[in-house]
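Please read the structure below before turning to the comments.
The values are calculated or read from the model by the stated rules, or taken from the named source; none is laboratory data. If you're wondering where the values come from, they're calculated on a predicted model, not measured in any experiment. Cβ coordinates were reconstructed from backbone atoms using ideal geometry, including for glycine residues, and neighbour counts include every protein chain displayed. Remember, those area values only see protein heavy atoms, side chains included, never the ligands or the DNA or RNA. Shrake-Rupley method; radii C 1.70, N 1.55, O 1.52, S 1.80 Å.
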Amino acid sequence: PQTGQSFILGKGKRPSGKALKAAVQQRLRAIGYFPYDCKDDNRSDAVALWLYAETVFARKIPQQLVLHGEEYR
């Protein structure tokens, strides 16, 4: 999760603990990859890591994300 969090938040000074999880969720919501009604921090970590892997290993910006039958963006 730390790699995904760093990818989403950047390498500058970051909060820790619950504030870090909240910051990741807020950033993911801002870019349209996390629903506003969801508070699951494990889900936000998974989405952040997926975005990192998609960007680094596939070398493309993800256009669509489907989790558990729910489509984002």
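Residues in the stretch 35-52 that are of a type in the set (A, V, I, L, M, F, W, C) and surrounded by fewer than 17 Cβ atoms within 10 Å (Cβ to Cβ): Cys38, Ala46, Trp50.
Counting only residues that are without any contact (Cβ under 8 Å) to a residue 40 or more places away in the chain, open to solvent by 30 Å² or more (accessible area, probe 1.4 Å), of a type outside the set (Ser, Thr, Tyr) and over 20 Å from Phe57 (Cβ atoms), the stretch 10-34 holds 13 of them.
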